[in-house]
1. Could you figure out which of (1) touching a Ser or Thr at 6+ places or on another chain (Cβ under 7 Å); (2) outside any strand (DSSP E or B); (3) not hydroxyl-bearing (Ser, Thr, Tyr) isn't true of residue 65?
2. Can you pull out the residues in segment 20-53 that are over 15 Å from residue 92 (Cα atoms) and either in contact (Cβ under 8 Å) with a residue 60 or more places away in the chain or assigned to a strand (DSSP E or B) (or both)?
3. Go through (1) assigned to a strand (DSSP E or B); (2) modelled with pLDDT of 90 or more; (3) surrounded by fewer than 12 Cβ atoms within 10 Å (Cβ to Cβ) one by one and return the number of the condition residue 71 breaks.
4. With the structure loaded, tell me whether residue 56 is of a type in the set (S, T, N, Q), at pLDDT 85 or above, part of a strand (DSSP E or B) and closer than 15 Å to residue 20 by Cα or whether it fails that test.
Amino acid sequence: MYSLTCYGRMWAKGGEIVFTYIVEKGANLKIHTPGIKDMSQIKTKTIQKPDCIYMQSDYPSGWHIEVEQRSDKIVIYSNYQLTQNEDGSFNAPTKLSDL
């Protein structure tokens, strides 16, 4: 079973809208990234912090995602809303100009 809770939109630095998602401990999450043929297309930075693992990824479509992996949950920040599939998984946006 997939579980993802969206906590709405907030304004981030630079005026971008940020969608915040919380994945509770023990829940499964799958985000499909249509249009990505090779992982080298994604610019990713990972930082080990004392209280979490922080990852920031930029996709060629303009989608930006930040992930904080903590011991009790995962917090995801996205500049665009994810689309939920019938099986409970999610799709990342592919053409941001259409959104």
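The values are calculated or read from the model by the stated rules, or taken from the named source; none is laboratory data. Values in this document were obtained by computation on a predicted structure and should not be read as measured data. Using ideal geometry, Cβ is built from the backbone for each residue, glycine included, and neighbour counts are taken over all protein chains shown.
1. All conditions pass for residue 65, except number (2).
2. 22, 23, 24, 28, 43, 44, 45, 46, 47, 48, 53
3. Failing condition for residue 71: (1).
4. yes
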